[in-house]
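Only one structure is covered here, and it is reproduced in the block below.
The values are calculated or read from the model by the stated rules, or taken from the named source; none is laboratory data. What you are looking at is a predicted structure, and each value in this text was computed from that prediction instead of being measured. Cβ coordinates were reconstructed from backbone atoms using ideal geometry, including for glycine residues, and neighbour counts include every protein chain displayed.
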Amino acid sequence: MQNHIVPDLKSEFVLNRFSGTIANTIETILDDKRISPDAAIQLFDLPLHDLAQLAHIRRLRIKKADYNGKGDIIVTYHIDRNINYTNICCVRCKFCAFSRDPHSSNAYVISTEQLDKKIEETIALRGKQILLQGGLNHNLSFQWHLDLIHHIKQKFPSINIHAFSPPEIVFLSKTSNLSIKNVLQKLIAAGLGSLPGGGAEILVDSVRQKLSPLKCSSNEWLQVMEIAHELGLKSSATMMFGHIESRADRITHLNKIRQLQDKTHGFVAFIPWTFQNKNTALAATKVGPTEYLRTLAVSRIFLDNIPNIQSSWITQGPDIAQLALFFGANDLGSIMIEENVVYEAGARYRISLEELVHLITEAGFIPHERNFWYDLID
């Protein structure tokens with residue numbers, strides 16, 4: 001097994017090949033210090049292999065605990081299932097190919113029998129978590145959501161319920177006339193275990209108004225996360241990019257995440273992925289793998305207070321996801337026993353547990369299963 005050692009590249013980067021402000025930025029990174037938003041934007045213009053090295057160094061320093069005692073580095077993965085409890089949604093974001101109107105011929109709300117079968121299948125495949133996400137459906141009351149969580153926890157107590165992204169929480173708060181804090185408290189009492197970071201897209205309201213004007217604002221998304229963290233609920237953070245936003249917008253997004261993490265320390269991971277353009281109302285050309293890798297690397301370098309960065313095989317395919325392990329990612333995510341949202345937008349990649357483990361070992365790392373909180377599972 002290959003030993004990965006953090007090299008001392010300071011003299012090579014700063015003295016030999018770069019000068020000016022970019023040299024100062026590189027030196028700051030190699031000194032393991034925080035960079036500014038302005039400095040982060042500069043990183044996009046670095047040669048790709050230099051950016052990869054900087055991100056990999058940052059990843060190795062942040063994830064020092066991921067050594068197995070022999071000098072080899074662990075890359076983690078997870079086994080879970082995405083269950084979309086309804087595809088009926090009043091928001092109808094321009095980038096979404098999944099949502100339906102209430103009277104659509106293929107609109108649905110999941111039944112208890114269907115839900116139980118999906119969870120039983122997940123457990124049979126060693127899954128330890130389900131991700132519950134759905135459209136913003138006016139026909140489903142807050143009590144319906146509470147009953148859903150309570151039913152799952154009572155019947156499948158070992159399963160972590162990772163459910164309801166901030167737009168869903170804001171929607172439930174408004175439709176139930178309860179505060180966001182009260183909604184979260186009731187969900188936690190019913191059995192909610194962690195919060196997904198979906199619905200963030202780009203946390204810049206001028207962009208959000210064009211993408212999804214009926215969805216929660218940037219501040220509301222951040223407010224949900226801050227309250228959840230204060231209540232002891234850990235969460236992921238995400239960014240969907242490569243549509244109408246600028247690189248500066250991406251850095252604004254990252255900076256808002258970093259500022260909140262400084263305050264709450266509640267994000268366990270950051271997951272960037274690219275817009276998928278099939279069957280959507282958004283007239284935008286999706287970006288290629290190079291821009292994905294650049295953004296992933298910049299995210300790893302900038303988010304110095306978030307321990308884990310996840311690679312997105314589901315939007316990039318297995319080869320780029322594997323390469324991302326050298327651009328700052330330390331996790332390959334889940335085999336995703338089921339996933340419907342990005343599938344409907346054209347991302348048709350699927351992967352088995354054996355294939356995922358092979359990607360990690362072939363890259364020279366040690367594969368290790370984890371739970372949502374990134375605790376390693378024997």
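Identify the residue in the range 97-129 that is at pLDDT 90 or above and of a type in the set (Gly, Ala, Ser) and, among all such residues, is surrounded by the most Cβ atoms within 10 Å (Cβ to Cβ). Among residues in the range 97-129 that are at pLDDT 90 or above and of a type in the set (Gly, Ala, Ser), the one surrounded by the most Cβ atoms within 10 Å (Cβ to Cβ) is GLY127. Within the range 222-244, the set of residues being under 19 Å from THR295 (Cβ atoms) and at pLDDT 95 or above comprises SER236, ALA237, THR238, MET239. What's the number of the condition HIS138 fails, among (1) modelled with pLDDT under 90; (2) more than 30 Å from LYS286 (Cα to Cα); (3) within 24 Å of the chain's Cα centre (by Cα)? Unmet for HIS138, out of (1) modelled with pLDDT under 90; (2) more than 30 Å from LYS286 (Cα to Cα); (3) within 24 Å of the chain's Cα centre (by Cα): (3).
Of all residues in the range 31-46, those satisfying the criterion of being loosely packed, with under 13 Cβ neighbours inside 10 Å, free of Cβ contacts under 8 Å to residues at least 24 places away in the same chain and not in a helix (DSSP H, G or I) are ASP31, LYS33, ASP45.
If you filter the range 352-372 down to residues that are out of contact with any strand residue (DSSP E or B) (no Cβ under 6 Å at 6 or more places or on another chain) and part of a loop (DSSP other than H, G, I, E, B), you find that the one that is surrounded by the fewest Cβ atoms within 10 Å (Cβ to Cβ) is SER352.
Annotation note: Cβ proximity below 7 Å between a residue of the range 168-180 that is within 17 Å of GLY198 (Cβ to Cβ) and a residue that is of a type in the set (Ser, Thr, Tyr) (sequence gap 6+ or interchain) occurs for SER173/SER179; ILE180/SER173. Taken over the range 282-341, residues that are modelled with pLDDT of 90 or more and of a type in the set (S, T, N, Q) amount to 9.
Figure legend. Inter-residue proximity from the range 112-133: first residues part of a helix (DSSP H, G or I), second residues among the small types (Gly, Ala, Ser) and loosely packed, with under 13 Cβ neighbours inside 10 Å, beta-carbon distance below 9 Å, spacing 6+ or different chains. Indicated pairs: ILE123/SER158. Exactly one residue among ILE22, ILE5, ILE79, ILE29 is farther than 27 Å from HIS253 by Cα, among the aliphatic types (A, V, I, L, M) and at pLDDT 90 or above, and that residue is ILE79.
Looking for whichever is at pLDDT 95 or above, over 23 Å from LEU353 (Cα atoms) and not in a helix (DSSP H, G or I) here; the options are LEU146, LEU178, LEU184. Which one fits? Result: LEU178 is the single residue among LEU146, LEU178, LEU184 that is at pLDDT 95 or above, over 23 Å from LEU353 (Cα atoms) and not in a helix (DSSP H, G or I).
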